[in-house]
Amino acid sequence: MNLKKLFQGLLVVLLAVTLIFSSGIGSASADDLLPEGSFPVKATNEAGVSKTNGGFGSLEYTFNPFGKWTYRSGQPELDSCGDPSWSGQDKMTYPKFTSFSLIADCGEGNVHEICGSTTIEIGANVTCKFKMNDVPGTYYDNEGTIDVGYND
């Protein structure tokens, strides 16, 4: 009889610990990075697409962008690597990164260029904003979308 009570007590403790350290079943938000998935980044989105590592600790995610976009109708289509020959580099939102490249801004100076398959370590509960590296205030005339597949 004591063994049965001990076993039941352990089950209750395990359940409680699981609930404390998890966000609950089915509670992942649309902004959470799952073990794998994809999301679109529209070239007109100046605020960026927010994605959060909702896990317990830092995780490495590999991002694989595909698609084309342009910074204005009639201009050449670009992939996520942007245009390294652009003369207005100093006017970009992120002047230290290639003009018109796909950027993951994870806050506190933790910024990454997503050119081809790129692996980034993202801390627990850290949100990264994915957006094009364009001149601030000029995203409205962009066209296209970069789709970003990922896995951890």
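The values are calculated or read from the model by the stated rules, or taken from the named source; none is laboratory data. All values reported here derive from a predicted model rather than from experimental measurement. Positions of Cβ are backbone-derived with ideal geometry, glycine not excepted, and every protein chain shown enters the neighbour counts.
The set of residues in the stretch 116-138 being surrounded by 18 or more Cβ atoms within 10 Å (Cβ to Cβ) and part of a loop (DSSP other than H, G, I, E, B) consists of 126, 133, 134. No other residue among 117, 80, 73 is touching a Gly at 6+ places or on another chain (Cβ under 8 Å) and of a type in the set (S, T, N, Q) apart from 80. Does residue 3 meet the test of being more than 16 Å from residue 115 (Cα to Cα), in a helix (DSSP H, G or I) and modelled with pLDDT under 95? So residue 3 passes the test.
Taken together, the residues in the stretch 32-63 that are of a type outside the set (S, T, N, Q), in a strand (DSSP E or B), in contact (Cβ under 8 Å) with a residue 40 or more places away in the chain and within 14 Å of residue 130 (Cα to Cα) amount to 8.
Can you confirm whether residue 88 is under 12 Å from residue 148 (Cα atoms), without any contact (Cβ under 8 Å) to a residue 60 or more places away in the chain and surrounded by fewer than 17 Cβ atoms within 10 Å (Cβ to Cβ)?
Values: under 12 Å from residue 148 (Cα atoms): no; without any contact (Cβ under 8 Å) to a residue 60 or more places away in the chain: yes; surrounded by fewer than 17 Cβ atoms within 10 Å (Cβ to Cβ): yes.
Spelling it out, it is not the case that residue 88 is under 12 Å from residue 148 (Cα atoms), without any contact (Cβ under 8 Å) to a residue 60 or more places away in the chain and surrounded by fewer than 17 Cβ atoms within 10 Å (Cβ to Cβ).
Scanning the stretch 139-152 for residues that are surrounded by fewer than 21 Cβ atoms within 10 Å (Cβ to Cβ) and in contact with a Leu (Cβ under 6 Å, 6 or more places away or on another chain) yields a count of 1. Residue 55 meets all of the listed conditions (1) surrounded by fewer than 12 Cβ atoms within 10 Å (Cβ to Cβ); (2) at pLDDT below 95 but one, namely (1). The set of residues from the stretch 44-72 being farther than 21 Å from residue 32 by Cα and in contact with a helix residue (DSSP H, G or I) (Cβ under 7 Å, 6 or more places away or on another chain) comprises 44, 72.
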